[in-house]
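Below is one structure, written out as structure tokens, with a few remarks after it.
The values are calculated or read from the model by the stated rules, or taken from the named source; none is laboratory data. Just so you know, these numbers come straight off a predicted model, no measurement behind them. Methodologically, a virtual Cβ is constructed for each residue, glycine included, from the backbone with ideal geometry; neighbour enumeration extends over all protein chains shown. Accessible surface areas use protein heavy atoms only, side chains included; no ligands, DNA or RNA. Shrake-Rupley method; radii C 1.70, N 1.55, O 1.52, S 1.80 Å.
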Amino acid sequence: MSTTTRSRRSRRNASAMRMVGTLLALFREAAGYTQKSLGEIFVVGEQQIASIEQGRRPLKMDLAEQLDQLLDTKGALVAALSEMPEVDLVPLWAEEYLDREREAIAISVYDSLAVPGQLQTEGYARAVFRSRVPVYDEDHIEQLVATRMERQQILHRKVPPMTSFVIWEAVLRDRLGGREVYVEQLRKLREYAGVPGITLQVLPLGRTSHAGLDGPFVPLETPEHQRLAYMETQRGSQLIADPDGVGILTQKYAMLRTQALNTEDTRDLLDRLLGEA
């Protein structure tokens, strides 16, 4: 798919979200509510209402139903969400991805920067958040670590998703947080490398070809068998529903799996790293 086509899709997505946000703002003002007072009613906060009205955050269906009832808008917000094109039903925000991740039946993760969040120890996650520039304060770091640990429960569901991880070896050579954190993280990876339903592969250093040079990404499949993909950059995140875009990343992931060590060799590498630590 061409860059121009992707741009048009992105603009259409943003425009549709702004349209819904504008409707909410009009209905709110007509009913005599401020962003703050409306946020307090639904315990979501003034900033979230503002973000929805500006088209920067998606309005979710359950909140739309409650707003239609409170503002007496006769189902207008629900109708607006229902009539959005399919690509617009997947807003480009990390929290939307996390919602999809919780219910996914299959998740594939490629990471070249850090151990994937689903596999991090508390100490490693803390070291990751402490590396952030500008720095977080310690209270915020602890909140982020707790959220990340809670997120890992998806791997311990009664019926967990089929999960595949490809991690660039450079990630395993870094020692974020120091030796103790490093060893603990290697042990956790080695443990998960033997769990049924989880496939862990390391993409080794020294390759002459590399399908993941554009950075980390996550293809996943929902219970409705919709295929999505998620990517993060320095300044934001993107959840992709467009079949062409998802298809390209799926092909990249398949190639990465052929370029990576197989699961047995990956376990051997983790054992060697633990022996050298």
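Summary of values
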| item | result |
| --- | --- |
| Whole-number percent relative contact order across the range 135-202, with pairs defined as alpha carbons under 8 Å at least 6 apart | 38 |
| Heavy-atom SASA rank of 36, 60 (probe 1.4 Å, accessible area, largest first) | 36, 60 |
| Inter-label distance for residue 276 and residue 226, nm, one decimal - labels placed 7 Å from Cα along Cα-to-Cβ | 4.4 |
| Whole-number accessible area per residue in Å² for the chain, which is evaluated in the context of all protein chains at 1.4 Å | 54 |
| Degrees, to the nearest 10: 263-276 long Cα axis against longest axis of the chain | 70 |
| For the range 40-177, diffusion coefficient by Stokes-Einstein and Kirkwood Rh (Cα), 25 °C, 0.890 mPa s, µm²/s | 137 |
| Cα-projected label distance for residue 254 with residue 29, points at 7 Å along beta-carbon direction, nm | 5.1 |
| Around residue 222: net Lys/Arg minus Asp/Glu count, Cβ-Cβ under 9 Å | -1 |
| Degrees between helix 179-192 axis and first principal axis of the chain (Cα, 0 to 90, nearest 10) | 80 |
| Two-site FRET efficiency, residue 41 against residue 61, from Cβ-Cβ distance with R₀ of 25 Å, rounded to 0.05 | 0.90 |
| Accessible area (Å², 1.4 Å probe, nearest 10) - residue 124 | 10 |
| Normalised contact order of the chain, rounded percent, pairs of Cα under 8 Å and 6 or more residues apart | 19 |
| Within the chain, helix-based [θ] at 222 nm, where runs of 4 or more DSSP H residues each add -39,500 (n - 2.57), nearest 500 | -16000 deg cm²/dmol |
| Note, ³J(HN,Hα) from phi for the range 206-213, Karplus 6.51, -1.76, 1.60, rounded to Hz, x at Gly and Pro | x, 6, 9, 9, 7, 7, x, 5 |
| Value of Rg/Rh across the chain [Cα atoms, Kirkwood radius] | 1.02 |
| Net dipole in debye of the range 145-189 [+1 Lys, Arg Cβ; -1 Asp, Glu Cβ; about Cα centre; nearest 20] | 140 |
| For the chain, built as a Gaussian network whose Cα springs stay under 10 Å, the top-fluctuating residue of 80, 114, 193 | 80 |
| Whether the range 26-73 is rounded, prolate or oblate, judged on the alpha carbon gyration tensor where a/c under 1.5 counts as rounded | rounded |
| Only Lys, Arg (+1) and Asp, Glu (-1) charged, at Cβ; the chain dipole about Cα centre in debye | 660 |
| Whole-angstrom Cα spans of the range 159-277 along principal axes, big to small | 44, 33, 28 |
| Residue-level accessible surface for residue 40, protein heavy atoms, 1.4 Å, Å² | 120 |
| Space enclosed by the convex hull of the alpha-carbon atoms of the range 158-207, per residue, Å³ | 88 |
| Acute angle (nearest 10 degrees) that the helix 138-151 long axis makes with the longest principal axis of the chain, alpha-carbon atoms | 80 |
| Rg/Rg_ref, the range 96-141, where Rg_ref = 2.2 N^0.38 Å and atoms are Cα | 1.37 |
| FRET efficiency, 1/(1 + (r/R0)^6) with R0 30 Å, evaluated for residue 209 and residue 122 via beta carbons | 0.25 |
